[in-house]
Structure formats: C-alpha cells, structure tokens
Amino acid sequence: MDLSKLNYFLLFLILITCGCSKDKLTNLSTLQAVLDEETVVIDNVIACAASADKAHTVNVFFYPREGATNFRYFETESINVDKNNFESYTEKTPEILDVFNGKIKRFLVNPIQEKWVIVSFVEDGKMHICNPIYLKHISKPTEKINTLTIDNSTSTMPIFSWKDGMYTDSAIYFQVVTDNENNFLSGTYTYDKMFRYYKLDNVVLNITTKQPPTLNKSLTYGFTLMAVSQDNWVNLLTETSFSP
C-alpha cells in the first residue's frame, strides 16, 4: 500500500472512530440509556421544584435518604414531550446545594423555557428516580407569601394552619420545622392545610428519621411550608420564624 492510500485509510479510521464515539456519547446522555445499565426503582425519590429568588432560576429540591449517592439531574428540551418517555431526557450537571444544613438538597438550574425534569440517586446498588417534575417558573411562578396562622395555646405543640394563595390546585403540603440554626427537626406531608407539632394524626408521609425534640418556649424556631401540585411544582412557599 503506497503512502497516499495509507493516509486515506488512516483518515477513514479516524472519522469512523470519532463518529462512533460521538453517537455513543449522545446515546449515553439520555435517561433511558442510563436506566438500561442499572437496576431501577421508579417513583422512589421525593422531589419537587420551585421558583428561586433570582429571576428565571429554579430550585429542584430532593430528599437524599441516608446512604444515597450519585445525585443526578435530567431534563427535557421543552414541555411538549411525553413526560414518561425517558429518551426525551438528557443529563445536565447543575450546582447542588444544601437546604436545612443538608437534610434536603437542591439543584440550582436556569431553564430558558418550561420543561420536565427528573432527579435520581443510587441507594443499595439500585438507581432510584423521582416522578417527572413540571417546571412552571414562567406560567406559574411560585408565590412567596405568608398565609400561615400559628396557634400557640397548646403548650409547646403549636398548630400551624394556612390557606392556598393564588393557585388552588395544590395536592399535598410539606412542612419543615427547624431550630434557630436552621437544623432540621421534622419534615412531614399532609393533605390537610394544617399540621400540629409533633402529632402524626394527619401525616401521610414523614421524612423525620428520629423523634424531634420538645420545643422550648425561650427559643425561636423556623417553619417552612410548600404547597405542591400533582406534577410536583411548588405553588406556594412560606418561610417564617416563631416561638412556641
């Protein structure tokens, strides 16, 4: 084989190799391609999203159970896709930040348009993914108002109650109580617009992993409320401090 033919042959091999590598990389970037390589547990990550403080940014919150690793974020190009078609999701690597000193985490994203997103992590050798989250930061930006009432007449077991804001399609309500250093004390979900610390009569989901302390009347605490829609968008976010 002469030198010119050898050069053409080498160029051909390089083009084929680069082409195959590019296709493989593109394929591996989809959520479906990732799931094909894993043992998967669907709908087993607690997650939701809300408008962030900075315009056009979104916080995608998720609860990283103890021992969970490899937190990943996937999104679609737009909202006009089948949310259950995992081929439509590609992986991105936004910044991960702590909430409540690490009990909750959040991806900070800057989506140009509304879209579906999915969060995953690895636990006990399996890949767990959340239900699709609809980012509505343009059409339904999260309201950050206080509709909360706190009844302190029951000793150190205050009753929190609230009203919906502008949006009335909230399906569930997430309540977090923290100490004065923002350390997580309890995290509960109710269908009711009411929660009493720390009574579980109407709690339908609880991420509190140990018995929280009795509140001290001489201290100040924090209360965070998220009103979450069926598609995991936070309609209403309230953050306030209180003393029992």
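The values are calculated or read from the model by the stated rules, or taken from the named source; none is laboratory data. Keep in mind it's a predicted model, so treat the numbers as computed, not measured. When we count neighbours, we look across all protein chains shown, and the Cβ atoms used for this are built from the backbone with ideal geometry, even at glycine. What goes into the accessible areas is simple: the full protein's heavy atoms, side chains included, and nothing from ligands, DNA or RNA. Shrake-Rupley method; radii C 1.70, N 1.55, O 1.52, S 1.80 Å.
Would you mention how many residues in the stretch 203-238 are of a type outside the set (S, T, N, Q), farther than 19 Å from Asn59 by Cα and part of a strand (DSSP E or B)?
5
For Thr69, state whether it is open to solvent by less than 60 Å² (accessible area, probe 1.4 Å), more than 20 Å from Ser186 (Cβ to Cβ) and either in contact (Cβ under 8 Å) with a residue 12 or more places away in the chain or touching a His at 6+ places or on another chain (Cβ under 9 Å) (or both).
Answer is no for this residue.
What number of residues within the stretch 147-180 satisfy the criterion of being surrounded by 13 or more Cβ atoms within 10 Å (Cβ to Cβ) and either part of a strand (DSSP E or B) or of a type outside the set (D, E, K, R) (or both)?
The total comes to 21.
What pairs come up if the first residue lies in the stretch 154-172 and is farther than 16 Å from Glu143 by Cβ, the second is among the acidic types (Asp, Glu) and exposed (fewer than 13 other Cβ atoms within 10 Å of the Cβ), and their beta carbons are under 6 Å apart, counting only those six or more places apart or on different chains?
Pairs found: Ile159/Asp151.
Among Leu185, Leu200, which is the only one that is in contact with an Asp or Glu (Cβ under 8 Å, 6 or more places away or on another chain) and over 17 Å from Ala50 (Cα atoms)?
Leu185
Restricting the search to the stretch 216-238, which residues are in contact with a Ser or Thr (Cβ under 6 Å, 6 or more places away or on another chain) and either open to solvent by 30 Å² or more (accessible area, probe 1.4 Å) or at pLDDT below 95 (or both)?
Thr220
So is Ala50 touching a residue at least 24 places away in the same chain (Cβ under 8 Å), within 28 Å of Gly187 (Cα to Cα) and aliphatic (A, V, I, L, M) or not?
The answer is yes for Ala50.
Go through the stretch 113-153 and give me each residue that's among the small types (Gly, Ala, Ser) and in contact (Cβ under 8 Å) with a residue 12 or more places away in the chain.
Ser120, Gly125, Ser139
For Ser241, which of the numbered conditions (1) part of a strand (DSSP E or B); (2) open to solvent by less than 70 Å² (accessible area, probe 1.4 Å); (3) of a type in the set (Ser, Thr, Tyr) fails to hold?
(2)
Tell me yes or no: at least one residue of the stretch 190-200 is within 12 Å of Phe223 (Cα to Cα), surrounded by 15 or more Cβ atoms within 10 Å (Cβ to Cβ) and aromatic (Phe, Trp, Tyr).
Yes: one or more hits.
Please go through the stretch 39-96 and pick out each residue that is part of a strand (DSSP E or B) and among the hydroxyl-bearing types (Ser, Thr, Tyr).
Residues satisfying the conditions are Ser51, Thr69, Tyr73, Thr90.
Please go through the stretch 97-130 and give me each residue that is assigned to a loop (DSSP other than H, G, I, E, B), within 18 Å of Cys48 (Cβ to Cβ) and charged (D, E, K, R), ordered by number.
Within the stretch 97-130, Lys103, Glu114, Lys115 qualify.
For residues in the stretch 181-202 being in a strand (DSSP E or B) and of a type in the set (Phe, Trp, Tyr), which is farthest from Ser243 (Cα to Cα)?
Tyr189
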